[in-house]
Structure formats: C-alpha cells, structure tokens
Amino acid sequence: MVKIKELQQYAIQLLAECFATCVLMLMGDGAIANYKFSRQPSHSTLPIAISFGIGVYSALMLSGPITGAHLNPALSISLMTVGKLKLLQCIFYVIGQILGGFLGAALVYLVYLKQFDEFDGGIRQVIGPNGTADIFFTMPGKGTPQWNALVDQIVTTAILMIFGMSVGHKFNQMISEAAKPFAYALIVTGIICAFSLNAGAAINPARDLGPRLFGAFVYGWNEVFGVHNYFFWVPIVGPIIGAIVDLRESCALNQIQIIVKLFPQLEYLKTCMDRKEIGQITKYLLLKTNNTI
C-alpha cells in the first residue's frame, strides 16, 4: 500500500518534472516559431538545436536536484523496467513530463499569437504553405516512410541514452559533476543537428505528445493525430524502444565492468583458497567488510 509520504514525494517530483519540461519546450518550440515566422532564407536548424540544448541545460538546473531531471518518458519508463523507479512513481514522472510539454506549447502559442495570425491569416492549418502545427510537434521528412522514421527514433534515442549513461557512470572520472548538465545539453544539440530530417529528432515522447495534445485544441483532434497517416505513434514508441534496449545493454556492460574490476581480488582469494590460507581469507573479508561499513 502506498504511504502518504510517498504520494507527497511523487507529487513534488511531478511538479518538478512538469516545470522543467515546460521550460525545455518553451525554449525549443519558441525557437521553431521564431525561425518559421521570421521566414529566414537559411535552412539551417542550428539555432533550433542550440535553443533545445539551452532548454535542456535550464531544465537540468531546475529539477535536477529534485528528480534527476528525466524530462523524458522514455528514460523514466526504461528505468522503471530495471527497477530504478517504482511503477506509480514512473506514472507520476510521465504525467508531469507530458503536462509540462503541453504547458510549454501553450505558452509559445500565447507569446506568438499575433505572429500566428500574420502568418496564416487567422486560419489555423496543420500542413501546407501556411501550416504551423510543425512548431509544436514533429512530422516525417519528405518521402520518409514510417518504418524509417521509427528506426531513426530508436537509433537517436539510443545514442542519447548511451551518452547519458556513460557521462553519469560512477567509473567515469573524465567529467566533473558541474560539467555534466552542459554535456547533456551538448549531445541533444548534436543529435538535433545530425538527425532532424527524417522525423524531427523528437527523441522524447513528452516533447511530441504534450505539444500535440495542445495542438489538438487549436487545429482539431482528427487533424493533429491523423496527419501523415497517423504518424503520432512513431515519436512515442520509437524513443521508448530505443531507451529500453540501450539501458538493458548498459546494465549488462556495467556488470561486466564490475566483474573486471573485481577480477584481481577474486584471483587473490582463489590463490589463498588453493593454498588453504584460511587466516588470510578471513583477514581479507573482514577488511572489505569494514571498508564497506
């Protein structure tokens, strides 16, 4: 049975994830809106990638001390599958993240409301020359089938997870704690620069589903979820698959690293056992127990 204190803790974590994800989407979707409405001749997505990176950094600063700043249901769900999060706790995290994405999109719409009217004449369209829905959620690139977009999301989310697990690994002495948020922001920026063409580089179900839910109130539910042959499921399912597969591989590699690190100690114990040096074995185990305590 869930205790009241646990529910209070989960509620605080929900609010922290919500606020941080809202800031992330405010920066990211705001950059897309600014790019679209300014009608820049350049097709470079670098300003958008940088804005998302800064959004990630800001979000980490805001909710990192409280929740670890998951910001991403794919990460939370994958951690739940290996027992790092409880089921109910994971649900609270995911709700907070999606709600944050919804609120972030709503704020971008409010800030740029008059620019929306200038761009489409007050008639909201999902796609086409005056379409603005791509400000809020991802769409497939021209000629990209859904299976290709799915592979794109699995691979890019796996890259994100591999990098994140490597940076956060306790054996990694190459980066300080203070530099880790910057490293996470940098990898997000790089992924968006490298892989935004096929499926918009969502790599995060909350980044797509939250704003898409808001978009449904602006453009219509059928239009938002039915566009591009019901593409909406790809940026939800793809990142979750990529995160789960990569996390399980990372856990396996972690076990191998632990075994390798302990190998000299195991060899020492084996030598003592072969020599029947019971006193040495007892002394060694007592020493290790005291160090652990």
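The values are calculated or read from the model by the stated rules, or taken from the named source; none is laboratory data. The structure presented is a predicted model; accordingly, all values stated were derived computationally and were not measured. Using ideal geometry, Cβ is built from the backbone for each residue, glycine included, and neighbour counts are taken over all protein chains shown. In case anyone asks, the SASA skips ligands and DNA or RNA and just uses the protein heavy atoms, side chains included. Shrake-Rupley method; radii C 1.70, N 1.55, O 1.52, S 1.80 Å.
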> Dipole size in debye (nearest 20) for the stretch 4-287 around its Cα centre, Lys and Arg Cβ +1, Asp and Glu Cβ -1?
Replying inline: 680
> What trypsin sites (Lys or Arg not before Pro) in the stretch 22-86 are in a loop by DSSP, with at most 11 other Cβ atoms within 10 Å of the Cβ?
Replying inline: R39
> What does the stretch 128-214 give for Rg and for Dmax, in Å, if only its C-alpha atoms count?
Replying inline: 15.3, 51
> Accessible area, 1.4 Å probe, largest first: how do F214, F163 sort?
Replying inline: F163, F214
> Any idea of L75's accessible area? Nearest 10 Å², probe 1.4 Å.
Replying inline: 40
> Per 10 Å bin from zero, what fraction in whole % of the C-alpha pairs of the stretch 4-287 is there, up to the bin with the longest pair?
Replying inline: 7, 26, 32, 17, 9, 5, 3, 2, 0
